[in-house]
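Here is the structure we will look at.
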């Protein structure tokens, strides 16, 4: 296909002459009589998915100068190569043009062969950059595929050892053998015998890694995925990859399951007690609740992020913060905050929500961790006013 070039030039003769030169050189050419007209044409082309391959612009133009046009494109995050024509250029202007991302410039007046040579050079350079970017993307995909294979092999080995889905699920959720004085208390109540909630907590040489996830559904397929989550988390503890890399690999595997595709929300928390810092990565999971030591005030750490298992390209929410001995953290799945009571007068469901859970924890903040978790569990047991409509899982953790 012909490369498409847009010319922004206010002088009619120069504009039409340049158009003819570039058309004779084999390019598709559009023209704009000033910077504002060029900007509007580019925006319209972008909406149609037909952005130009190159902008050739004069500097001195009415409405929008060439420099202002470049700034306007940058502000709109429109990234197309720019070749600047100027008869007023000086050293400072050229430096400024390069700083703004201008690909090339040419001084007026110029010969037809000069401009066609510059245009060809810029387009070839852009093609080279595009090719290099594609090679880099392929390299990254290859590296992830190689590393993912070790995760997959570990998962297959673990799966062969599971004889009963129900019995295995009962033993999946655990907090491991945590050392260095961590206090960890959790409660888990699947909605049916099989569920999709998962929790694991493993010691590291600097503290511990925690992984909590929620697979959509309450059937064998959901429990199958919790086996996968366990296998991949165990492998990640061996490799020591950070949460972002772990979630990228896990997302790839979940998508490769084909007919077993499930949506998964997850949160990865790495606690480094030696350096007194924490790192958190969220894949659309409910916010972590934190009670800083000595405050009794619960605060939620909200992070944006995509769910796992549905999309090839995913973005995760990340944050880091310092740790203090006595800090408390609460991780949970949305079955807890979606528990509901029924209003006696209206008959409408009133959900607990993140705010309700936060207030409940804050109310009991002065109690030992075991009692806080037990008081939360009491709200969803027996004749309690709150009813569960999903799996329930919560972990309370205190920093030594």
Beta bridges by DSSP in the chain, antiparallel share as percent, to the nearest 5: 75
Degrees between helix 353-363 axis and first principal axis of the chain (Cα, 0 to 90, nearest 10): 50
Mean separation of Cα contacts under 8 Å (6+ apart) over length of the chain, as relative contact order %: 12
Label-point separation, residue 24 to residue 133 (7 Å along Cα→Cβ), nm: 3.4
Förster radius 30 Å - calculated FRET efficiency between residue 342 and residue 377, Cβ distance, rounded to 0.05: 0.90
Added length on full extension, which subtracts the Cα-Cα distance from 0.36 nm per residue, residue 364 to residue 4: 122.9 nm
Isotropic mean projected area of the C-alpha convex hull, the chain (nm²): 27.7
Crossing angle, helix 12-24 versus the chain [Cα axis fit, 0-90 degrees, rounded to tens]: 70
0 to 90° range, to nearest 10: angle between helix 369-378 axis and the chain longest Cα axis: 90
Residues in the range 18-40 reached by a label modelled at residue 75 [backbone nitrogen below 20 Å; 7 Å Cα→Cβ]: 33-40
Length gained when the stretch residue 14-residue 320 is fully extended (0.36 nm per residue, less Cα-Cα span): 104.5 nm
Globularity ratio of the range 4-131, using Cα Rg and 2.2 N^0.38 Å: 0.96
The range 5-78 and the range 261-292: distance between their alpha carbon centers, rounded to Å: 48
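We did not get these values from a lab; they are worked out from the coordinates using the rules stated. Computed from a predicted model, the values in this text were never measured in an experiment. Here Cβ is always computed from backbone atoms with ideal geometry, including for glycine, and neighbour counts include all displayed protein chains.
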